Ligand code: PNS
């Protein structure tokens, strides 16, 4: 029987319990699952790529068939490079569907041999997103039960630093670099 390798691509800024729930489900139905973290310098992430990778690796350490990797360029090209046949994506609510369908069909157009598989996280995570976690944490709300312990810890560290310096949370490596460049005299 053919072994099925899947990739689970995303920004994971930060990874949440919803992501972890999907990874757990994916690891049960695929022989191998690669959590593929997009290296996207155009986005302005809260966490550096290295931090996000560390958090994902810690969160998935107990799954034997799950690994973490980073990629840039097209997701379909990355999938081919690592010989995956499936792109796994999560759908929380109908509102996700339109964008996900568009992306899945574009990926199919680009690479007809790849299949996108949608899975639903547990209902209790259906309202959860990285964007809301960032916002709630930055504004002092509790993010307990929304993110794994390692992520909560990293978020608290960022926010403590921000409070200490009376500014927005400590910049990620990419942010800090851009800010430095902007300050450079002409
Ligand atoms: O976690 P996100 O931000 O919803 O993930 C989106 C992601 C990374 C899956 C998507 O932006 C993506 O695949 N980017 C890589 C570039 C690409 O392949 N673009 C065409 C998608 S149809």
Review point. For residue 176, are the conditions met, namely being assigned to a loop (DSSP other than H, G, I, E, B), modelled with pLDDT under 90 and surrounded by fewer than 18 Cβ atoms within 10 Å (Cβ to Cβ)?
Key: no
Check your understanding: Which pairs do you get when a residue that is under 14 Å from residue 15 (Cα atoms), found in the range 33-44, comes within reach of a residue that is in a loop (DSSP other than H, G, I, E, B) and more than 11 Å from the ligand (Cβ to nearest atom), reach meaning Cβ atoms under 6 angstrom, with the pair 6+ apart or on two chains?
Key -> none
Point to revise | Pair list, Cβ under 7 Å, 6 or more apart: the range 72-97 residue touching a residue at least 24 places away in the same chain (Cβ under 8 Å), other residue assigned to a helix (DSSP H, G or I) and within 9 Å of the ligand (Cβ to nearest atom) | key: 74/110; 75/107; 76/107; 76/110; 87/75; 87/107; 89/100; 91/100
Check your understanding: What number of residues within the range 56-98 satisfy the criterion of being outside any helix (DSSP H, G or I) and modelled with pLDDT under 95?
Key -> 1
Exercise for review: Go through the range 99-133 residue by residue and tally those that are in a helix (DSSP H, G or I) and within 13 Å of the ligand (Cβ to nearest atom).
Suggested key: 15
Check your understanding: Considering only residues of the range 10-36 that are buried (at least 22 other Cβ atoms within 10 Å of the Cβ) and in a strand (DSSP E or B), which is farthest from the ligand (Cβ to nearest atom)?
Key -> 33
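The values are calculated or read from the model by the stated rules, or taken from the named source; none is laboratory data. Please read all numbers here as calculations on a predicted model, not as lab measurements. Heads up, the Cβs are rebuilt from the backbone with ideal geometry, glycines too, and the neighbour counts pull from every protein chain shown.
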